[in-house]
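The values are calculated or read from the model by the stated rules, or taken from the named source; none is laboratory data. This is a predicted model, so every value here is computed, not measured. Positions of Cβ are backbone-derived with ideal geometry, glycine not excepted, and every protein chain shown enters the neighbour counts. Keep in mind that these areas ignore ligands, DNA and RNA; they rest on the heavy atoms of the full protein, side chains included. Shrake-Rupley method; radii C 1.70, N 1.55, O 1.52, S 1.80 Å.
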Amino acid sequence: MRLRGTFLPFALPDIDDTEVAEVTSVIRSGWLTSGSKTDRFEAEFAAFVGASHAVAVNSCTAAMHLALEANGLRAGDEVIVPTYTFAATAEVVRYFGAKPVLVDVDPTSLCIDPAKVETAVTPHARAIIPVHLGGRCAEMDDLRAIAERHNLCVIEDAAHAFPAKYKERTVGTLSDFTCFSFYATKTLTTGEGGMICTENGPLADRCRMMSLHGISRDAWSRYTAEGTWHYDVIAPGFKYNLTDIAAALGLAQLHKANRMHERRVQIAGRYTAAFRELPELEPPPEAPADGQHAWHLYMLRLNLDRLSINRARFIEELKGLNIGTSVHFIPLHVHPYYRKTYGYEPEDLPVAYREYQREISLPVYSKMTDDDVRDVIDAVTDVVGRFRR
Ligand SMILES: Cc1ncc(COP(=O)(O)O)c(C=O)c1O
C-alpha cells in the first residue's frame with residue numbers, strides 16, 4: 001500500500017484567520033481576563049444549546065467541581081460515576097473527600113449502564129455523573145428516573161458531547177448541570193476551557209461566584225468605570241474563570257460549530273461504511289434516529305479473535321503507516337490509585353475492562369482532508385488484511 005508522506009496526528013484544532021483575528025483584537029484591547037468577550041461567549045453558547053444559564057470556566061474539570069460544590073457535596077457522600085472515563089470525572093468527587101462509586105458500562109454504547117447504577121445507589125448517594133462517551137449520549141431518561149426515585153442530582157460530563165442531542169433535545173438542557181470541555185482536542189476549543197449549563201439560576205450564580213474566589217462581584221465590574229473598589233468574599237472559592245483571550249477563540253469556534261460537526265459526521269460515515277465490511281472490526285454505534293452524535297471520538301473496536309495481533313501491535317502498525325491513534329479510556333478501576341484506595345480488581349467491572357482492551361480511537365476532526373480520511377481507511381484495511389487470522 002502507498003505510505004502517506006507525513007504523519008497524520010490523532011487530533012488537530014480547526015483554527016483559521018478568524019480565530020487569530022478575534023484573539024488578536026482582545027490582546028490589542030488591553031482587557032485580557034474575564035470580561036465582555038466571556039459574557040458574550042456565555043450568552044451565545046447558552047443560546048446555541050438552549051440552556052437558561054451558562055457559566056464559562058477554565059476547564060470541564062473545574063465545571064464539574066463547581067457543580068458538585070453548588071449541590072453541597074460533602075465528605076462521606078457518594079457519587080456514581082462510570083469507570084469507562086477520564087480521570088477528571090472521578091477526581092472532582094475526591095476533592096470533597098467524597099467517594100466515587102465506579103459502575104460498569106453498557107457493552108454497545110460504553111456509557112454508564114442504568115441497571116448497574118440502580119444497584120449502586122446507597123443511602124450515601126448524592127449524584128450521578130453520566131459521561132456521553134465519544135459524543136454519543138448516555139441513557140438519560142433511565143438515569144433521570146433513577147435520580148428522581150433516589151433524590152440524586154444529575155451532572156452530565158459532556159466533555160465529548162458538543163454538539164449532541166438525546167431524543168431531539170440538545171445536550172446542555174437535559175439535567176441539573178451539564179459540563180462541557182473546550183480542551184485543545186475537543187470539538188470546540190479555547191485551548192483550555194469549559195462551560196457549566198443549568199436551568200437553575202441561583203445555582204448558576206453560586207458556580208459563578210465560586211469560580212472567582214467566592215467574591216460577590218467579578219473583576220470586570222470592579223475595574224470598569226461603573227465598578228467600585230469594594231468586594232465581599234462570601235465563601236472560600238476557586239480560580240476557575242475563563243479569560244477573554246480564550247472566550248474570543250471560543251466565539252469564533254462557536255460560529256463554525258455546525259460546519260465542523262457536519263464534517264465529523266461525514267468522516268465517521270465514511271469510516272463506518274468501509275469498516276462494517278470487515279468482520280475483524282466493530283465500528284462504533286451511531287446515535288439513535290432521534291439523537292445526534294457529536295463524533296468527538298471514533299471509537300473502533302477490534303474483534304481480536306479474528307486477528308493474529310493485539311491492540312498495541314495494531315496501533316504500532318498504524319503508526320508505521322503514519323496514522324496517529326489513541327485509546328479511550330483505561331477504565332478508572334484499573335488505575336493504581338483506585339485499586340489501592342478502593343480495592344478494585346480489573347474483573348470487578350468486566351464490560352469496561354474487556355472492551356477497553358480492544359478499543360482504538362481513530363482521527364476524526366474537521367481539518368482532515370478527503371485524502372487523510374482515505375489514508376486512514378486504507379491503513380486500517382491494510383493492517384487487517386496482513387494480520388487476519
Ligand atoms: C470524559 C472527560 N471528562 C472530563 C474531561 C476533562 O476536561 P478538561 O480537560 O476540560 O478539564 C475530559 C478531558 O479529556 C474527558 O475526556
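Odds and ends about this structure:
- Residue selection: residue 291 satisfies the criterion of being modelled with pLDDT of 95 or more and touching a strand residue (DSSP E or B) at 6+ places or on another chain (Cβ under 6 Å).
- One residue from 287, 246, 312 being among the hydrophobic types (A, V, I, L, M, F, W, C), part of a helix (DSSP H, G or I) and within 20 Å of the chain's Cα centre (by Cα): 246
- Residues within region 119-176 that are surrounded by 20 or more Cβ atoms within 10 Å (Cβ to Cβ), over 20 Å from residue 203 (Cα atoms) and hydroxyl-bearing (Ser, Thr, Tyr), tallied: 1
- Under the condition of being outside any helix (DSSP H, G or I), of a type outside the set (A, V, I, L, M) and open to solvent by 10 Å² or more (accessible area, probe 1.4 Å), the residues counted in region 330-389 number 12.
- Among the residues of region 81-100, those that are more than 15 Å from the ligand (Cβ to nearest atom) and either among the charged types (D, E, K, R) or surrounded by 20 or more Cβ atoms within 10 Å (Cβ to Cβ) (or both) comprise 98, 99.
- Boolean, residue 110 is among the hydrophobic types (A, V, I, L, M, F, W, C), within 12 Å of the ligand (Cβ to nearest atom), part of a loop (DSSP other than H, G, I, E, B) and touching a residue at least 24 places away in the same chain (Cβ under 8 Å): yes
- Scanning region 338-360 for residues that are among the hydroxyl-bearing types (Ser, Thr, Tyr) and under 19 Å from residue 109 (Cα atoms) turns up 353, 356.
- Residue list for region 103-118, filter: of a type outside the set (Asp, Glu) and open to solvent by 10 Å² or more (accessible area, probe 1.4 Å): 107, 108, 109, 114, 115, 116
- Number of the condition not met by residue 186 [criteria: (1) closer than 22 Å to residue 80 by Cα; (2) crowded, with 22+ Cβ neighbours inside 10 Å]: (1)
One line per residue, one yes/no per condition, for (1) open to solvent by less than 10 Å² (accessible area, probe 1.4 Å); (2) away from the ligand (no atom under 16 Å from the Cβ); (3) more than 30 Å from residue 374 (Cα to Cα):
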{"site": "5", "(1), (2), (3)": "no, yes, no"}
{"site": "28", "(1), (2), (3)": "no, yes, yes"}
{"site": "32", "(1), (2), (3)": "no, yes, yes"}
{"site": "50", "(1), (2), (3)": "no, yes, yes"}
{"site": "59", "(1), (2), (3)": "no, no, yes"}
{"site": "71", "(1), (2), (3)": "no, yes, yes"}
